[in-house]
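To start, the structure under review is shown below, and the notes come after it.
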Amino acid sequence: MRRSSLILLILPLFLSLFLSCSQTTPEMRAGYAALLFNYFEDDSQPLVRLSYFGQTETNPQRIQEIEVKSLSSNLSWYLTDLIKIQENKKFYVGSNNMAMPANEAFPKGLYQVTFTTFDEETYSMNFNLNYDSSLYDLKNEELESYVSKKSFRKNVAAFDDNDVLLFSSDLEKGDSSFEQLLFDNPEAVYYKDVYISSNKSVYLIFPQKLIESK
């Protein structure tokens, strides 16, 4: 539960970020893809997941299955347990929990995403995945140095003792506004620093830190 719950952090941060896709169809308007690297206190290898959401102007309940296929390796993910949400009169459907076999990295290059509806209509979009493979091997002590040399935007997310995300903000820890958010959310017990790459395709989720006042 500790590791799987961390994936939920991506959703409120993710949907405002646009990544270009090709082959836009009448049904699907845009696609949003990112790799999520979750690092842990014990310095074990990060938990890495691929997240993809398609934006549609029609009811996403029609969509039954999504296939995400790496065209450079022919690996495929068939997604039927889909997340379907609405935000600001826009609909999104996708998954934030695609995984690779143990000790294997996600292939780089072009991916094809195919949406299939209950009436067997299909729509396809493409996206390109490019990232630094060394992120799989970074140790906790190396994370701060890595992001300081790259163009990453920092976000801070706070959780309660049930691992429920209470808020996320681009404020630094120690900022008076961040302290105000903690005051407004007294149930917060720990927070995580989240760094988002400049091209919005990679999220680095640092190990949790207890809130000192707790």
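Read the figures in this text as sums done on the coordinates, not as results from a lab. What you see is a predicted model; the values in this text were computed from it and never measured. Here the Cβ is made from the backbone with ideal geometry for all residues, glycine too, and neighbour counts use every protein chain on show.
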Amide H contacts under 5 Å for VAL202, placed H, 5+ residues apart:
LEU35, SER197
Looking only at lysines whose Cα falls under 30 Å of LYS154's and that sit 8 or more positions away or on another chain, we get LYS84, LYS89, LYS90, LYS108, LYS139, LYS173, LYS192, LYS200, LYS209, LYS214
Ordered by packing density, taken as the mean number of other Cβ atoms within 10 Å over each peptide's residues, highest first, how do 188-198, 87-97, 114-124 rank?
188-198, 87-97, 114-124
Report the one residue of ASN140, ALA158, THR116 whose Cα lies farthest in the direction of the positive end of the charge dipole of region 110-168 (charges on C-beta: Lys and Arg +1, Asp and Glu -1; origin at the Cα centre).
ASN140
Under 1.5 on a/c is rounded, so check that first for region 114-167, then, if it is not, pick prolate when a/b is larger than b/c and oblate when it is not; a ≥ b ≥ c are the square roots of the alpha carbon gyration tensor eigenvalues.
oblate
Cα gyration tensor, region 82-214 - rounded (a/c under 1.5), prolate or oblate:
oblate
What list of ³J(HN,Hα) couplings, whole Hz, do you get for region 119-133 from phi and the Karplus terms 6.51, -1.76, 1.60, once you set θ to phi - 60° and write x for glycine and proline?
8, 6, 7, 10, 9, 10, 9, 10, 8, 10, 10, 9, 7, 8, 5
